[in-house]
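The values are calculated or read from the model by the stated rules, or taken from the named source; none is laboratory data. Because the structure is predicted, anything quoted here is derived from the model rather than measured. Glycine also receives a Cβ, built like all others from the backbone with ideal geometry; neighbour counts cover every protein chain displayed.
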Amino acid sequence: MAAIEESGGGGHGKGDGKVRGKKMSTRVDMTPMVDLGFLLITFFMLATTMSKPTAMSVFFPDKQEDKKEEQTEPLKASKVLTLFMGANDDVYYLDGVSADDDNAQASLKTTRHGAELRDVIFASQRRINAANPKDDKGNEAFVVVIKPTDVSSYKNMVDVLDEMAITKSKRYALVDFLSDAEKKVLGDKIKPKN
Amino acid sequence: MGVVKPKKHPPHTDMTAMTDVAFLLLTFFIMTATFKTNDAEITTPTSISQIKVPDDELMIISIDKDGKVYFGVDAKPTRIEMLDNIAQTKGISFSDVEKAKFSIQTSFGLPINQLKPWLNMPKDQMASVKQPGIPTDSTGTSELADWVYAARKANPGLRIALKGDNIAKFPKFKDVLANLQSQNINKFSLITGSEDAPAGFKE
């Protein structure tokens, strides 16, 4: 570090008259600069948010067209996988069964978000698409109805929408309305806890 | 006496290369740094979507973990114009100082009647105020739709993005959605973190 007094005070005893310019070391001590550099790096690394957020586009049907909807053909329950999002990241589902059915209560199953839910969707997708032909527009028969309940979180909704992208389920609907039959089937599962 | 000691040189490492690397990294981090804003802390869910959130012309509606709603528009002139628009419809007026102060806020979450007192506070106090969130109640008063309208009037090209916290409850999202749909907005983006698609997933 202290590289200043190298060969200092020599020169005098030699006595050959010539005064040479003292050769100074051109070496600069970089240590403080490096210190500062790394300090700033640390600061900026901590201050930076590296992963840029991504955006997921969603389209919602126009509210004003509600009246026309009655003219469309109702979905056949056998082609529909209905997902209910409950509290604590639970997902309840009815696979090809309508909530009005007598055995709805018995066929309501529970799964979890993530890989488990994905398996459920894939299984249902395969089953329904194999049993039903594509419609005249070339769409697959499989339809997912997503029903978030009041106890579910925003994350649950995004997760399920993401599953739709992962399983390439093209036809899905986000419905925040629960029919009386569905409320009965779900029972206490969707009651707020307080 | 006769022992010749080797001249002691302090061990000298050449720092130049290290400095080069350090400053290269430093430059990189300075360039890429986007600073955390003083917005509410929101941890967004993740999705496999690859679309990046656009940097400009963006209107962000945030829902924090308590279900409070915040609103933010990106450019300063737009913010001022938006404030002018809302002042007009609500029959209040803002001074130039208040407008200037409003224009530097990236987002806010206050009912309109609390906005003026808030803007009159000193800067350090403004940050410490607990913002109650913009009223979005679908049955009672809802001001979010007014803000969205004012912002779109100021800049019709604004894209709408919704940024919700993981544990925000779904009914809150429903309220926000109702506000947007009352303005005939049916297309918008949800801001999410990025996540790797599961193995075997193909576009």
Scope the range A:105-119; condition within 14 Å of chain B (Cβ to nearest Cβ) and not charged (D, E, K, R); matching residues:
A:H113, A:G114, A:A115, A:L117
Of all residues in the range B:136-156 being away from chain A (no Cβ under 14 Å), not in a helix (DSSP H, G or I) and not β-branched (V, I, T), the one that is nearest to B:T46 (Cα to Cα)
B:D137
B:S107 surrounded by 14 or more Cβ atoms within 10 Å (Cβ to Cβ), modelled with pLDDT under 85 and polar (S, T, N, Q)
yes
Within the range B:157-178, is there a residue that is more than 7 Å from chain A (Cβ to nearest Cβ), touching a helix residue (DSSP H, G or I) at 6+ places or on another chain (Cβ under 8 Å) and part of a strand (DSSP E or B)?
yes
Of the residues B:P54, B:P6, only one is within 13 Å of chain A (Cβ to nearest Cβ) and assigned to a loop (DSSP other than H, G, I, E, B); which?
B:P54
Which listed residue, of B:T136, B:T192, is over 25 Å from B:I104 (Cβ atoms), crowded, with 22+ Cβ neighbours inside 10 Å and touching a Ser or Thr at 6+ places or on another chain (Cβ under 7 Å)
B:T192
Checking the conditions here, which among B:F102, B:F28, B:F94, B:F108 is without any contact (Cβ under 8 Å) to a residue 40 or more places away in the chain and either touching a Gly at 6+ places or on another chain (Cβ under 6 Å) or within 14 Å of chain A (Cβ to nearest Cβ) (or both)?
B:F28
Extreme residue, nearest to B:P77 (Cα to Cα), among residues of the range B:92-131 that are among the aromatic types (F, W, Y) and part of a helix (DSSP H, G or I):
B:F102
What residue, of B:F94, B:F170, is within 21 Å of A:S153 (Cα to Cα), hydrophobic (A, V, I, L, M, F, W, C), crowded, with 18+ Cβ neighbours inside 10 Å and over 19 Å from the mean Cα position of the chain (by Cα)?
B:F170
May I ask you to say which residue of A:T42, A:T82 is away from chain B (no Cβ under 13 Å) and at pLDDT 75 or above?
A:T82
Name the helices (runs of 4 or more DSSP H) wholly inside the range A:99-194 in which the number of residues that are surrounded by 18 or more Cβ atoms within 10 Å (Cβ to Cβ) is 3 or more.
A:115-131, A:154-166, A:180-186
Pairing a residue in the range A:154-180 that is facing chain B (nearest Cβ under 7 Å) with any residue that is part of a helix (DSSP H, G or I) and among the basic types (K, R), where Cβ atoms lie under 9 Å and the two sit 6 or more apart in sequence or on different chains, gives A:Y154/B:K172; A:I166/A:R118; A:D176/B:K174
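Residues are listed down the side, and each one gets a yes or a no for (1) over 26 Å from B:I167 (Cα atoms); (2) in contact with a helix residue (DSSP H, G or I) (Cβ under 8 Å, 6 or more places away or on another chain):
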| site | (1), (2) |
| --- | --- |
| A:D95 | yes, yes |
| A:P133 | yes, no |
| A:D136 | yes, no |
| A:T167 | no, yes |
Would you mind finding the one in B:I63, B:I80, B:I48 that is within 13 Å of chain A (Cβ to nearest Cβ) and at pLDDT 85 or above?
B:I63
